[in-house]
Amino acid sequence: MHISRLQLVNYRNFERANVVFNKGVNTIIGENGSGKTNLFRAIRLLLDDTLLRSAYRLDEKDFHRGLGDWRGHWVIISLEFEDVSQDEAIQSLFLHGTGNIADGTIGRATYNLIFRPKVAIRRSFGDLPVGDTSGLAAVRSKITLDDYETIFTGKSVADFRDPATYKELVGDFDAVEFPQELSNPAIGGVIPGMLSISREVCFTFVQALRDVVADFQNNRTNPLLTLLKGRSGEIDAASFQPISALVKGLNDAIEGLPDVGTIRADIRETITDAAGGTYSPRSLSIRSDLSDEADRLFQSLKLFVGESDEQYEGAIHELSLGGANLIYLTLKLLEFKYQKQKESFANFLVIEEPEAHIHTHIQKTLFDRLNYDDTQVIYSTHSTHISEVSNVENINILGRQGGRCDVFQPSAGLDSGQIGNIQRYLDAVRSNLLFAKSVVLVEGDAEEILIPILVKRVLGLSLDELGISLINIRSTGFENVAVLFHDDRIRKRCAIITDLDRAFIDTDDDILDSEEDAAAKKKALGSQVAGLRREAALKLLCDGNPWLTAHFADNTFEVDFVAAGNAGTVVSVLSDIYKDAGTIAVSKEELESGDIERFGTRVLTMARYAGKGWFAIILGRMITPETVIPDYILDAIFQAHLPVTTQTWANVLEYRVGVLAQSDIHAPEAITAMREQIRRYSRGEIDFAGVRSEMLTAFPADGINVILASF
């Protein structure tokens, strides 16, 4: 049996979420604050028998903040199971509790936690006339958490995420229309406490590895203590008797030491002198507190580990962070193995971010070995090394959209061939796109190296600050990855940057052409045809898809960089590429000619001569705030970063004004005045058009004005 689906309605930062799971190992990916911990807690509320009963009593913080007024709304956490065992005892459990019967047997089951107003409140809602907003406000104003109840149900058939279903079960708060039926059978039958699923499954939760040394020092959270407690109860009293006698003898020997007896007598004498015989203790002894009882003796044990090649074993607090985390995780996995031996009818291992401070090789090895038989593993991760080897069909991505969290399944609706292509492409670098707020895909090293530098030097913001991950596909096979960004899959923005490779040299046949010239013309024409095909394919892929856009360099990145007005930047690195003065002089003249055939040929010759990646690194050192970002790159960046916020533009303008202030060309009064206009814009006192006009008036020659004019 395995969890096939988790639905969350109005729970913390989930408004309506659908999480899909498969057998085996499942991966949860998401940025910080996207809801991974909340998702795991939701599962634990239904399956973790170690949680205190008070945990099921939710409070105001457990309601989705987007509701505004939570009073009257329901929180619903619903698990769906598939492949329910045909064992008679298991069938009986689900038949009475959660099972959905088909053909006389139970193959699918649902198990739900519902936090809802008690019957008196639900009746008050149902009695309200349709549209009676004042009456609704009066009823809601009196509701407190004491008016809520937690119930567990099974055999539900409702899709709780469907807004229409929610209105049918709970009511329409906008229209003030509530059901007369106080207990709709669609939510399933209430499950008695004696049939709790959590008591019948093996469930182990490994929390995020943040401060495991503190956990080892806490008796409640110490995983070693948990293991030892479980084993101490299995020790036969007769076989433990010799150990008990040894401990007693050791304690007696310590207590009988002459120095111990002397100190004990001196303490009694001193306290009697200080407080008198009436108020002195009746007895006082000094002895070891080492217990001769099996369970207490086991609890006194501590773990010592030798981490290096030296013959030294240190306590947990002496280990490296990675070493301590690995030991903690190992003990929790052993705890799971012990529980699994009890032959529960289902086994679940839930691990939160297991990679903290652990070497990348161990991360991948750990992932490979978590695939236990008859066990469903669900873990969350920030590690691209783990996500690289995860099965894309078993991945759920959490993404923040305003104040709520959405859940995406990246393989939804794709055929096996498309899924296979994605799986091959998502190495440790490219899998970063699964974690990103938005993505820019590029085809080569030059774009990967220079675009981040251009954005930082010209706009004053890094791609990370804009929430953009730039991924180098290292080919033109964008479709293999871009299909991920779709309404059915990852609802995040993705911009593709690629070259059209239009020929900028004369490609007409000429009988006077040398063999080398003829080959160059043939290659240019072939690249141009391939570019046109790529453009058509990408435009078709993007058509009707609100999450995907394509942006094209007319020729290639290097050529379009010069054409945008950056000939001087390329000229400044000539001495890094060539050593011959004559070659440098000719190259300078060609780059500054304004003739695309001449400067295009030269800049590509330089890139090939130095190597495109190395040429980009050299060029990157010369990028300044005055460098011009080609239009197609700017379009891609701002398409990925939609909507562009007021704060983003304010930061860009503040950076540009700071650059202008350092030049000592402009009067301090002009700088101060413009900064005040930026503050007014940030406060909402003037709009974007207003601050754009102010910048153009104050500093008409600054390159940022060209960028602002396009918005």
- Task: Write down the Å³ per residue value for the convex hull defined by the alpha carbon atoms of the chain.
- Result: 317 Å³
- Message: Give me the three principal axis extents of the range 644-709 from the C-alpha atoms, as integers in angstrom, largest value leading.
- Response: 30, 22, 17
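Take Arg608, Arg65, Arg692, Arg656 and order them by how many other Cβ atoms sit within 10 Å, fewest up front.
Arg608, Arg65, Arg692, Arg656
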- Task: Give me D for the range 415-642 in µm² s⁻¹, whole number, from Stokes-Einstein with Rh from the Kirkwood sum over alpha-carbon pairs, 4 °C and 1.567 mPa s.
- Result: 69 µm²/s
- Query: Which ³J(HN,Hα) values in Hz, rounded to whole numbers, follow from the phi angles of the range 248-258 under the Karplus curve 6.51 cos²θ - 1.76 cosθ + 1.60, where θ = phi - 60° and Gly and Pro get x?
  - Reply: 4, x, 5, 5, 5, 5, 5, 5, x, 4, x
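Which order do Val190, Val206, Val628, Val657 fall in if you start with the one that has the fewest other Cβ atoms within 10 Å?
Numbers: Val190 13, Val206 21, Val628 17, Val657 24.
In order of increasing Cβ crowding within 10 Å: Val190, Val628, Val206, Val657.
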- Could you work out the relative contact order of the range 415-642, using alpha carbon pairs under 8 angstrom and six or more residues apart, expressed as a whole percent? 27 percent
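Decide, for the range 623-673, between rounded, prolate and oblate: order the square roots of the alpha carbon gyration tensor eigenvalues as a ≥ b ≥ c, take rounded if a/c falls under 1.5, and otherwise choose prolate if a/b is larger than b/c, else oblate. Can you show the working numbers first?
Details: a/c = 4.07, a/b = 1.67, b/c = 2.43.
Cα axes put the range 623-673 in the oblate bin.
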- The Rg/Rh figure for the range 374-508, Cα atoms and Kirkwood Rh, to two decimals is 1.03
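Based on the Kirkwood radius over alpha-carbon pairs, what is the Stokes-Einstein translational diffusion coefficient of the range 134-195 at 20 °C with 1.002 mPa s viscosity, in µm²/s? Let's see the in-between values first.
Working: Rh = 13.5 Å.
Rounded, D is 158 µm²/s.
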- Note on the structure: Among Lys248/Lys337; Lys521/Lys579; Lys337/Lys492, the pairs whose Cα-Cα distance exceeds 32 Å are Lys248/Lys337; Lys337/Lys492
- For the range 452-555, fraction of C-alpha pairs farther apart than 24 Å, in %: 42 percent
- Hey, how many Å between the Cα centroid of the range 122-177 and the Cα centroid of the range 39-75? 17 Å
- Can you list the residues, at least 5 places off or on another chain, whose amide H is less than 5 Å from the amide H of Ile395, using H built in the peptide plane? Thr27
- Message: Starting from a Cα-only point model with no solvent, please compute log10 I(q)/I(0) by Debye for the range 467-525 at q = 0.16, 0.20 1/Å.
- Response: -0.67, -0.80
- Query: Hey, what number do you get for the chain at 222 nm if only DSSP H runs of n ≥ 4 count, each worth -39500 (n - 2.57), divided across all residues, to the nearest 500?
  - Reply: -13000 deg cm²/dmol
- Query: Pairs Lys142/Lys167; Lys61/Lys437; Lys23/Lys167: which exceed 28 Å Cα-Cα?
  - Reply: Lys23/Lys167
- Message: Let me understand the range 6-90 better: what is its radius of gyration from the alpha carbons, and its Dmax, in angstrom?
- Response: 14.7, 47
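Every read-out reported here was derived from the displayed coordinates using simple, explicitly stated rules and does not represent laboratory data. Bear in mind the structure is a predicted one, so any value in this text is a computation, not a measurement. FYI the Cβ positions are ideal-geometry reconstructions off the backbone, even for glycines, and counts take in every protein chain you see.
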